[in-house]
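Reviewing the structure listed below.
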Amino acid sequence: MLRLGICDDSADARCALRGTLEQLMESQNLEVQIYEFSSGEGLLKWMDKHVGELELVFLDMEMGALSGMDTARQLRAIDENLQMVFVTGYDQYVFEGYSVGALGYIMKPASYEKLADIIDRAMTTLLREEDKTFLCRSGETLYRIPKARILYFGSDRRQVSCVTVGKTYTFYGKLDDVAAHIGSGFVRIHQRYLVRAAAVDQMDGSEVFIGDTALPVSRAHRASAMAALARAALEG
C-alpha cells in the first residue's frame, strides 16, 4: 500500500488531485491511502505523531501563513526519507524544489500522465531504498523506519519497541525475528536488546551506552557483542 498526503488550502484542488490519484492507482491495481491537509501547519502537527506513516506528500506551493516550501523544509527535518512533490500554478517555483530534495513538481491542474510518472518514480525509489528501511506494523498502521535512525530494539514478552531518534514504535513480534531480518549493523547484546552498532557511544563489560541510556550486556552475549561492537567502532 502507498500512503499519500495532499496538502492544499483549496478543498476543490485537494478533491481534484485525490480523484485523479485514486483513478490512477486503481488502474495499476495498487492500494492507496490518502490523507488530506488544508495547511502546512496542520500537516506538520499531524507528522509530529505520525512520522514514518507517509511515503509521499503533494504540497501546494501557494498556501497561507506557511508556504509549501517552508512546510517542505520542516518536513525534511522531521523525516529525511519522505518523498515530496510540489503542486503549483506558477512555473517560477520549479527550481526551488531542488533545495529540499523534492521528487518533482506538477503544474495545476495535475494531468493523469504527469501523476503516473511521479507515482512510478516514487515506487522505484521505495524499492531501491528498501534495504535501508525497517518495516513494522502496529495495529492497522505500517511504519517505514530508516535503519540509520534506529538506536536499539527492546523486547518485553511479545512486544517489541523500536527506539529511534525522537520516537519509539511498539509492535507485536519476536526480537529473534527482528534480528534475523534487520541485516548487518545491528548487534544482539542481551536476550531483550538489539542495538545499532553505530549508535553505541560507550561500552564496557556489562553495559553499553547510547546517549544517556544504559543497556545491559548479558553474560551469554558478552564476548560476541563486545567483539562486534569493537569491530564496528574500528570500521566506522
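Listing for the model above:
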quantity: In nm, spacing of pseudo-spin labels at Gln23 and Val165 (7 Å Cα→C-beta vector); calculated: 4.2 nm
quantity: Total charge dipole magnitude, the stretch 1-68, about the Cα centre, Cβ charges on Lys, Arg, Asp, Glu only, Debye to nearest 20; calculated: 140 debye
quantity: Part-to-part distance (alpha-carbon centres) for the stretch 158-236 and the stretch 111-154, which is given in Å; calculated: 23 Å
quantity: Rounded to 10°, Cα long-axis angle of helix 11-27 versus longest principal axis of the chain; calculated: 70 degrees
quantity: From the coordinates shown, volume of the Cα convex hull per residue in Å³ corresponds to which of (i) 146; (ii) 109; (iii) 133; calculated: (iii)
quantity: FRET efficiency, Asp70 to Glu235 (Cβ-Cβ, R0 45 Å, nearest 0.05); calculated: 0.70
quantity: Solvent-accessible area per residue, Å², over the chain with all protein chains present [probe radius 1.4 Å]; calculated: 53 Å²
quantity: Furthest towards positive pole of dipole, Ile189, Thr164, Gln28, structure part the chain, Cβ charges; calculated: Ile189
quantity: The chain - mean residue ellipticity at 222 nm from DSSP helices (-39,500 (n - 2.57) per run, n ≥ 4, rounded to 500); calculated: -10500 deg cm²/dmol
quantity: Estimated dipole of the chain in Debye, rounded to 20 [Cβ of Lys and Arg +1, of Asp and Glu -1, Cα centre]; calculated: 1200 debye
quantity: Highest to lowest packing among 68-81, 146-159, scored as the average C-beta count within 10 Å; calculated: 68-81, 146-159
quantity: Positive-end residue, the chain charge dipole about Cα centroid, Cβ charges, pick of Ala223, Leu75, Ala122; calculated: Ala223
quantity: For the stretch 103-236, size of Cβ-based charge dipole, Lys and Arg +1, Asp and Glu -1, in debye; calculated: 200 debye
quantity: Accessible carbon and sulfur surface of the chain relative to its total accessible area, %, 1.4 Å; calculated: 49 percent
quantity: Top of Arg196, Arg137, Arg188 by mean-square fluctuation, Gaussian network on the chain, Cα under 10 Å; calculated: Arg137
quantity: Relative contact order of the chain, defined on C-alpha pairs under 8 angstrom at six or more residues apart (%); calculated: 11 percent
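The values are calculated or read from the model by the stated rules, or taken from the named source; none is laboratory data. Computed from a predicted structure; not experimentally measured. Ideal geometry is used to build each Cβ from the backbone, glycine not excepted, and the neighbour counts take in all protein chains shown. Surface accessibility is based on the protein's heavy atoms, side chains included, excluding ligands, DNA and RNA. Shrake-Rupley method; radii C 1.70, N 1.55, O 1.52, S 1.80 Å.
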